[in-house]
Amino acid sequence: MSEGLASQELESVSKTADSRANQEKDAYAYEEAPAYRKFVYDVFLWLLSNIFDCFFREIRSRGRYKIPTQGPVIFVAAPHANQFIDPVILMGQVKKAVNKRISFLVAEKSLTRKAVGTFARCAMSIGVGRAQDNLRPAPGKIRVSEENPRKIIGQGTKFTNGFTPQGLIGLPKSLGNATIESIESDTVLYLRKEFKQNKPEVRQLLVKGTSFKYAPKVDQKKVYERVFEHLAHDQCVGIFPEGGSHDRTDLLPLKAGVAIMALGCMSKNPDVNVKIVPCGMNYFHPHKFRSRAVVEFGNPIEISPELVQKYQQSETNRDAVRELLDTISDGLKAVTVTCPDYETLMVVQAARRLYAGQLSAKLPLSLVIEMNRRLVKGYQTYREDPRIQELKEYVLKYNANLRHFNIPDHQVESAKINFAKNFGLLIFRSLRLLFSLILALPGIIMFSPIFIIAKIISQNKARQALAASTVKIKANDVIATWKILIGMGLAPLLYSVWSGLLTYYFRHSITRNKFVSFAGIYVLCSIVTYSALIIGDNGMDVFKSLRPLYLSVTTPGILKDLQKERRGLEQKITEIINTLGPELYPGFDGTSLSDKYRYGLTSYDEEEEDRKTSELKRRRLLRKRKESGKQKARRSPESEAESDALSMLNSDNSLSNIPIFSNVDRRSGSVSSMTSLSSGFEIVEDMTKPDELSGKIAHAVREKRE
């Protein structure tokens, strides 16, 4: 008997030793990227940055001085409005600012794709397994119990064979996923959280019975360990904590994986000081060719030793993760412009355009972003105020008139009612537009096959992405990605075809060396299409200016009415902002600000103003915390889906079951497809010294604060 017990004990010890040996064997050992990988990264980034400069008319950054130059950094970016474009733009701006390379966390499914996967590997990305990417059809049908929505009843199912707790159950047509909590029998299992049944189609399927998919749980421990080691060696990691890309106006709830990365790394490596930098990805028409983008860097988030200790304790580890996640969420909201609905977007746009005599048209892109952010906050704070409700009605009516006459707002006020002058200007600009079209025509014809193919394929990919997602609205977030990928793949091929045809056509008149002729024509084709791009930009500006000139010549009364309506709206907006602004932002004085701007009494240092603004915000936050004595955790309206990772934290901080990206998709009822700003915005291109103009405003604000 005793020998048997001794034998069992010896066997147990042996298994434990083998288990530890296997863990040590499987432990991730960090290896610095070889020189050739860094070279490939730099070349890849340089190439894509130049390609993006062709797609986007303008890419700017704000607050680059805030990026830490030493130590490991986690770059947390949102909103994720462009699937493939967002990380490249952020990588380029960080490389310019502090010469650091970012390794982004991407879904392993993306790494298996030919085009996106190749780019991801060149960018030294870290793959993350997601259970929803492994969903496969399972036998039988399932339905929800009437008594308990978390209880799943199967018909013809074998839940005890191949199904495991923490596995994922998926509905057809990507209508929702849920994680298994426990399995009772072949026909009964329980979910951690019930399926969301806010859509009639989902309720109908779950009541009557439906086919389903299953994916086993994904062990994330190795991914976390790789991230920990990466950060411990002073490297940078990038992540979009919302999970997938989307085209909504507001941020999705953040996943707790980013907080666990930082806290887990500092817990495992006490000498490491990880900093988190919030990055706002702000686009003007993110899916359109020749649009604009602004990347704003927020203040680095420092993680205190007390918070790390709190994370290490089993009783408080969830509180530590939630506290850091709230801090990250606040940081992202400070560098992004988000609107909860379409009406908010319309009112904010009108306020930005019309305040203080179209002040925003004179500002650089970075200050326009800040202006939008403050206006969104002001509208959301006072949206129930009768004055705001009345203003909203005026704005929607004015926008309807603009759409009816097909004229942008910024051209209404600048249009002058002078028949002779405007008629002459209309003829001159029409001729100028015709001349520009003639110059750009060869490039347009040469590149038109790519424009057509890119539009067709990108729209088809958008439909596929929309069908497979529960958070996208129109799937505009994938359109720009596919336009660029198609352009990159087909442009060299198209240039080769044109070069071959032209080389054959001029085979007797250029040179007998066919290779030299081909190479020369290939370079010429590239120059012609790029020249068409530049000329096309100028031609489009001229084209947009023709409509108000035409109206002023043919129907001047309509234009006068629009101008009168606009002046009244401008007066109302300026009056309301100057009245409510000081309540929300103490020290704000719109009248003094406007006067100092108009009479040129100020000078400016944008970075110094950013520092002062950041310090003011920090002091306000400290004062609020001191007054309340305790900061209350703010939960999202969708807090029940805030993060699978947060609810899976256990007493020993095991990472194997904690997803970095969420397994649960959400469907929104939002009606707007804009990510941050809509198409009503146009920048006046004839300003000569934007820095001086913005300086006058910022210095006036600084004087008021002091």
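Brief remarks on what is shown
- Listed peptides 431-443, 264-276 by packing density, highest first (mean Cβ within 10 Å): 264-276, 431-443
- Directionally averaged projected area (convex hull, Cα atoms, the stretch 131-215), nm²: 4.8
- For Val523 and Thr554, a Förster radius of 60 Å and the Cβ-Cβ distance give a FRET efficiency of 0.85, rounded to the nearest 0.05.
- Rough spin-label spacing in nm, given labels placed 7 Å along Cα→Cβ, for Arg387 and Ile534: 4.9
- Pairs from the list Lys213/Lys455; Lys268/Lys310; Lys421/Lys564 with a Cα-Cα gap above 25 Å: Lys213/Lys455.
- Amide proton proximity set for Tyr214, modelled H, under 5 Å, gap of 5+: Arg136, Ala138, Gly170
- Too-long pairs where the Cα-Cα distance tops 19 Å, listed order kept, from Lys173/Lys208; Lys221/Lys275; Lys288/Lys544; Lys38/Lys114: Lys221/Lys275; Lys38/Lys114
- Solvent-free Debye scattering, log10 I(q)/I(0), computed from the Cα coordinates of the stretch 176-314 at q = 0.12 Å⁻¹: -0.79
- Only Lys, Arg, Asp and Glu carry charge here, each on its Cβ (+1 for the first two, -1 for the last two); on that basis the stretch 419-550 has a dipole of about 180 debye about its Cα centre.
- Ranked by the mean number of other Cβ atoms within 10 Å of their residues, highest first, the peptides 110-118, 380-388 come out as 110-118, 380-388.
- Whether the stretch 57-110 is rounded, prolate or oblate, judged on the alpha carbon gyration tensor where a/c under 1.5 counts as rounded: oblate
- Hydrodynamic radius (Kirkwood) for the stretch 419-550, which is based on Cα pairs only, to one decimal in Å: 17.7
- Relative contact order for the stretch 131-215, counting Cα pairs under 8 Å that sit 6 or more residues apart, in percent: 40
Quick note: the coordinates plus some simple rules give every number you see, no bench work behind them. Since this is a predicted model, take the numbers as computed values, not measurements. Counting neighbours? That spans all protein chains shown, and the Cβs are built from the backbone with ideal geometry, glycine included.
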